[in-house]
Amino acid sequence: MSNSEWPLWEVFIRSKAGLHHKHAGSLHAVDQQMAIENARDVYTRRNEGLSIWVVESKHITASDPEDGDMFEAAKTKAYRHPTFYDIPDEIGHM
Amino acid sequence: MGNNNNLLEYILRIADNSLILGHRVSEWCGHGPSLETDIGLTNIALDLVGHARTLLDYAAEVQNLDKSADDLAFLRDVRGFKNCLLVEQPNGNFADTIARQFLFDSFNYHFYEALQESQDAQLVAIAKKSIKEIAYHYRYSAEWMIRLGDGTDESYEKMQAALEQLWTYTDELFRMDALDEAMLEAGIGVDLKLVKIYWNERVDHILAEALLSRPKDAWMQKGGKQGMHSEHMGFILAEMQWMQRAYPGLEW
């Protein structure tokens with residue numbers, strides 16, 4: 001039995017309540033249920049997770065890493081970072 | 001002391017089921033049909049060895065001979081092991097392993113469920129802790145039964161053949177001998193007749209969903225619980241115990 005024909009899935013794990021799901025890696029599985037089970041076995045063995053999302057990799061649309069122009073415009077706009085405000089001392093660490 | 005001997009023997013039966021099946025399943029480590037199933041099976045093996053460890057710790061305490069769980073695991077010989085014959089059967093192909101796991105998990109789940117009602121506080125604590133993992137093992141093996149039974153012609157044939165092959169070892173799981181009766185009487189042991197009712201329901205339900213047929217009861221094997229094992233047992237122990245036998249007391 002080979003799993004080379006099994007579809008590829010991307011796995012997202014939420015490690016703590018309140019945090020968002022974070023990409024953990026990918027795996028092969030024949031269906032959604034098996035993808036969840038496999039993700040449990042492969043990515044949460046050391047108590048890493050409270051919740052798992054899986055999505056078949058083919059459903060992810062990705063930007064082209066070669067397309068440098070896509071992010072170019074944002075590079076020179078430092079003013080978009082909220083670093084120009086004076087924070088009163090009483091607020092403390094933000 | 002007689003009662004303690006009974007208790008010790010009873011704990012060994014439960015512990016050895018987990019230890020020997022855990023060892024068997026661990027043989028898949030690095031050989032699984034896919035990376036995902038490899039790690040899935042290895043997790044199950046580790047859970048089972050973990051259950052065995054807790055139980056053998058308790059057995060060593062009951063035995064009160066200044067021996068450890070390791071002594072019980074690695075220094076007993078074939079006749080000293082009290083696991084049922086089902087768990088010592090070879091891994092075979094993936095369908096054989098899944099069938100063995102499914103038949104055992106379905107039993108083990110209901111056994112541990114009943115064990116939670118025991119008068120023995122230590123067994124209750126162990127059962128409560130282990131049953132969550134056993135429930136997961138059951139889910140894993142049941143889903144694979146359905147996937148392979150209701151899969152391709154080839155997977156169906158292999159699954160059905162595996163069931164036929166292993167069916168002869170299922171009756172022993174529920175066969176009450178004098179020790180089982182005595183432990184039930186004492187309020188410590190489990191009523192295997194009840195476990196069988198739940199097991200039948202569970203197995204029939206999954207087999208129906210998997211489009212597999214329940215094998216007919218024919219000649220049923222027994223003896224493992226009394227220490228009379230199949231020819232496989234010596235080979236299992238040879239591999240499992242060789243290090244402690246060759247280098248007594250070795251730690252790492």
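Relative to the longest principal axis of the C-alpha atoms of chain A, give the angle of the C-alpha long axis of helix A:32-43, reported between 0 and 90° and rounded to the nearest 10°. For helix A:32-43, the angle is close to 70 degrees. Projection of the Cα convex hull of the protein assembly as shown, averaged over all directions and equal to a quarter of that hull's surface, yields 26.2 nm². Here the spin labels are modelled as points 7 Å beyond Cα on the Cα-Cβ line, and at residue B:235 and residue B:219 they lie 2.1 nm apart. Coordinate range of the alpha-carbon atoms in the range B:127-168 per principal axis, descending: 39, 24, 7 Å. Scanning residues 5 or more positions from residue B:151 or on other chains, those with amide H under 5 Å from its amide H are B:156, with H placed 1.01 Å from N in the peptide plane. Think of it as helices only: each DSSP H run of n ≥ 4 in chain A is worth -39500 (n - 2.57), and spread over all residues that comes to -6000 deg cm²/dmol at 222 nm.
Please return the longest range in chain B lying between exposed loop sites, taking GluC sites (Glu not before Pro), DSSP loop only, at most 16 other beta-carbon atoms within 10 Å, and leaving the sites out.
Result, exposed sites excluded: B:118-230.
Which of rounded, prolate, oblate describes the range B:42-87, given a ≥ b ≥ c as roots of the alpha-carbon gyration tensor eigenvalues and a/c under 1.5 marking rounded, otherwise prolate only if a/b is larger than b/c? Verdict is oblate for the range B:42-87.
Ranked for footprinting exposure by Cβ neighbours inside 10 Å, fewest first, B:144, A:53 give A:53, B:144.
Based on DSSP H runs of at least 4 residues, each adding -39500 (n - 2.57), what is the mean residue ellipticity at 222 nm of chain B after dividing by all its residues, to the nearest 500 deg cm²/dmol? Working shown, then result.
Values: 10 runs with 170 residues, N = 252.
Calculated from helices alone, the mean residue ellipticity at 222 nm is -22500 deg cm²/dmol.
Would you mind classifying chain A by shape? Square roots of the alpha carbon gyration tensor eigenvalues, ordered a ≥ b ≥ c; an a/c under 1.5 is rounded, otherwise it is prolate if a/b is larger than b/c and oblate if not. Since a/c reaches 1.5 but b/c is at least a/b, the shape of chain A is classed as oblate. The order of A:93, A:23, going from fewest to most other C-beta atoms within 10 Å of their C-beta, is A:93, A:23.
Is the range B:150-226 rounded, prolate or oblate when judged by the Cα gyration tensor, a ≥ b ≥ c being the square roots of its eigenvalues, rounded requiring a/c under 1.5 and prolate requiring a/b larger than b/c?
Because a/c hits 1.5 or more and a/b exceeds b/c, the range B:150-226 counts as prolate.
Spatially, the range B:36-114 and the range A:39-92 are offset by 45 Å when compared through their Cα centroids. Summarising the overall dimensions of the range B:98-252 from its C-alpha atoms, the Rg and Dmax are 17.8, 51 angstrom. Label points 7 Å out from Cα along the Cβ direction at residue B:152 and residue A:58: separation in nm? Result for the modelled spin labels: 1.8 nm.
Among the trypsin sites (Lys or Arg not before Pro) within chain A, those in coil by DSSP and having at most 16 neighbouring Cβ atoms inside 10 Å are A:16, A:45, A:46, A:77.
Since every read-out is calculated from the coordinates, none of them should be taken as a lab result. Everything numeric in this text was worked out from a predicted model, so none of it was measured. Glycine also receives a Cβ, built like all others from the backbone with ideal geometry; neighbour counts cover every protein chain displayed.
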